[in-house]
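Student: Can you keep this structure in mind? I'll have questions shortly.
The values are calculated or read from the model by the stated rules, or taken from the named source; none is laboratory data. All of these numbers come straight from a predicted model, not from anything done at the bench. Heads up, the Cβs are rebuilt from the backbone with ideal geometry, glycines too, and the neighbour counts pull from every protein chain shown. These accessible areas exclude ligands, DNA and RNA; they are computed on the full protein's heavy atoms, side chains included. Shrake-Rupley method; radii C 1.70, N 1.55, O 1.52, S 1.80 Å.
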Amino acid sequence: MLSQRALNRALLSRQLLLDRVDLPDEAGSRRAAVIAAIEHLVGLQAQAPFPPYYGLWSRLGRFRPDDLAELITDRSVVRIALMRGTIHLVSARDCLPLRRLVQPVLDRGLRGTFGKQLAGVDPAAVAAAGRRLVESQPMTFSQLGDALAGHWPDHPPAALAQAVRAHVPLVQVPPRAVWGRAGQSLHTSAEHWLGQADPHPELDTLPGLVTRYLGAFGPATARDVAAWSGLTGMRSVMEQLRPSLVTFRDEQGAELFDLPSSARPGEDVPAPVRLAAEFDNLLLAHADRSRVVHPDHLKRFYTINGIFPGSVLIDGFVAGMWRLARTKSTATITVELFGPARARDQVAEEAERLLAFCAPGTAHDIRFRSMT
């Protein structure tokens with residue numbers, strides 16, 4: 001049996017949140033280390049353009065914004081709809097293999113949201129037309145929908161654009177998500193953008209996907225894998241993998257699967273204060289998220305405007321939220337803690353390090369609030 005704290009420490013270890021990985025100085029090795037971290041995490045949630053920078057900062061020592069911005073600009077990493085149908089930042093070689101494996105998630109989402117609006121439309125024809133358009137010139141979804149509406153005038157442009165998104169692997173192109181720059185969400189096909197990127201050999205099959213997941217988020221149940229990926233039928237995949245895995249039980253008796261060689265630190269291993277990014281998969285990758293956040297606290301993260309704020313980890317568990325606000329002269333982090341303040345000095349030190357990372361050369365302000 002693995003206790004909740006033992007599961008917490010295993011998750012933090014695999015998420016690189018127990019000990020930051022120190023990046024090397026040599027440029028080539030540094031690039032390789034950042035890409036390796038992104039691949040180890042099976043991508044970073046990137047529903048908004050910049051959370052992946054903060055997600056990598058919380059995990060990699062001496063990480064700088066340019067370490068990721070350059071990878072986006074030179075096409076070593078891309079942002080694309082993948083697990084759960086949400087945008088993730090992944091490496092070039094993980095992009096298309098991951099997309100093929102999670103295609104059923106995109107198909108199901110399209111049917112559920114736009115199925116009636118697309119009745120009578122030939123999906124292959126829309127996909128082919130959309131691919132030609134975005135490969136001739138990157139487009140916003142609004143531009144793409146308007147262009148497609150000329151051929152399918154009886155169907156909503158937004159639904160036509162989403163049909164292309166579901167059937168064609170679309171990546172967002174720079175300057176979108178490049179640190180210090182702004183840009184519209186312009187899309188082209190992954191094949192056009194990446195050319196002949198060598199696919200990752202581990203991602204040929206669903207068992208390979210589950211193996212990658214366990215390496216980053218295990219030990220886990222079949223329900224956890226389904227919650228992270230959005231895919232169904234994970235129980236049969238776990239059974240296929242069972243001979244190569246080890247199994248445990250959690251405190252509620254649920255069966256957990258894991259890789260034999262993965263780290264499972266003891267529950268008494270110290271966990272430093274960390275500020276996890278907005279939309280971080282740390283909080284989104286399990287059906288049962290109690291290994292890192294209390295269910296009552298998790299409810300506070302789902303805001304009316306859809307922003308999933310950054311989380312404050314104290315002793316490995318979510319103890320609050322943080323938000324960044326900037327003016328021309330000042331960058332302010334507001335920390336909202338659940339209940340009485342704990343480890344306030346350590347949280348303030350981590351917040352100051354974060355401000356030094358994201359807002360050098362400006363005045364810094366750290367504010368605390370208690371949430372009851």
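Student: Can you give the relative contact order of the chain as a percent, counting alpha carbon pairs under 8 Å and 6+ residues apart?
Tutor: Once normalised by length, the contact order is 18 percent.
Student: Here's another thing I want to ask about it. For the chain, what log10 I(q)/I(0) values come out of the Debye formula at q = 0.07, 0.08, 0.09, 0.14 1/Å, with one point per alpha carbon and no solvent?
Tutor: -0.32, -0.42, -0.54, -1.27
Student: With a/c under 1.5 counting as rounded, go ahead and sort region 276-372 into rounded, prolate or oblate using the C-alpha gyration tensor (a ≥ b ≥ c being the square roots of the eigenvalues; past the cut-off, prolate if a/b is larger than b/c, else oblate).
Tutor: Verdict is prolate for region 276-372.
Student: Given R₀ = 45 Å, FRET efficiency for Glu255-Glu349 by Cβ-Cβ distance, to 0.05?
Tutor: For Glu255 and Glu349, the calculated efficiency is 0.65.
Student: Now for a separate question. Express in whole angstrom the spacing between the alpha-carbon centres of region 1-51 and region 325-348.
Tutor: So the separation of the two Cα centres works out to 23 Å.
Student: Something else now. Can you compute log10 of I(q)/I(0) for region 214-290 with the Debye formula, treating each Cα as one identical point scatterer, at q = 0.18 Å⁻¹?
Tutor: -0.83
Student: In whole Å, largest first, what are the principal axis extents of the Cα atoms in region 279-328?
Tutor: Here the spans come out as 40, 25, 18 Å, largest first.
Student: While we're here: Amide H of Ser311 versus every other amide H placed in the peptide plane: which residues, excluding those fewer than 5 positions away on the same chain, fall under 5 Å?
Tutor: Ala276, Ala277, Trp322
Student: Report the FRET efficiency, 1/(1 + (r/R0)^6), for Gln240 and Asp19, where r is their Cβ-Cβ distance and R0 is 45 Å, rounded to 0.05.
Tutor: So the FRET efficiency works out to roughly 0.85.
Student: With every protein chain present, what is the per residue accessible area of the chain (1.4 Å probe, Å²)?
Tutor: Per-residue accessible area for the chain comes out at 43 Å².
Student: Using only the alpha carbon atoms of region 67-226, find the Kirkwood hydrodynamic radius as the inverse mean reciprocal pair distance, in angstroms to one decimal.
Tutor: Computed over region 67-226, the radius equals 16.6 Å.
Student: Return, for the Cα atoms of region 115-193, the radius of gyration and Dmax in Å, separated by a comma.
Tutor: Cα only, region 115-193: 12.7, 44 Å (Rg, Dmax).
Student: With a 10 Å radius around each residue's Cβ, average the other Cβ atoms per peptide and rank 21-27, 109-115, highest first.
Tutor: Result, highest mean Cβ count within 10 Å first: 109-115, 21-27.
Student: Pop out the carbon and sulfur fraction of the accessible area of region 246-372 as a percent, whole number, probe 1.4 Å.
Tutor: Result for region 246-372: 52 percent of the exposed heavy-atom area is carbon or sulfur.
Student: Calculate the translational D of region 169-218 in whole µm² s⁻¹ from Stokes-Einstein, where the hydrodynamic radius comes from the Kirkwood formula applied to all Cα pairs, the temperature is 4 °C and the viscosity 1.567 mPa s.
Tutor: Translational diffusion coefficient: 97 µm²/s.
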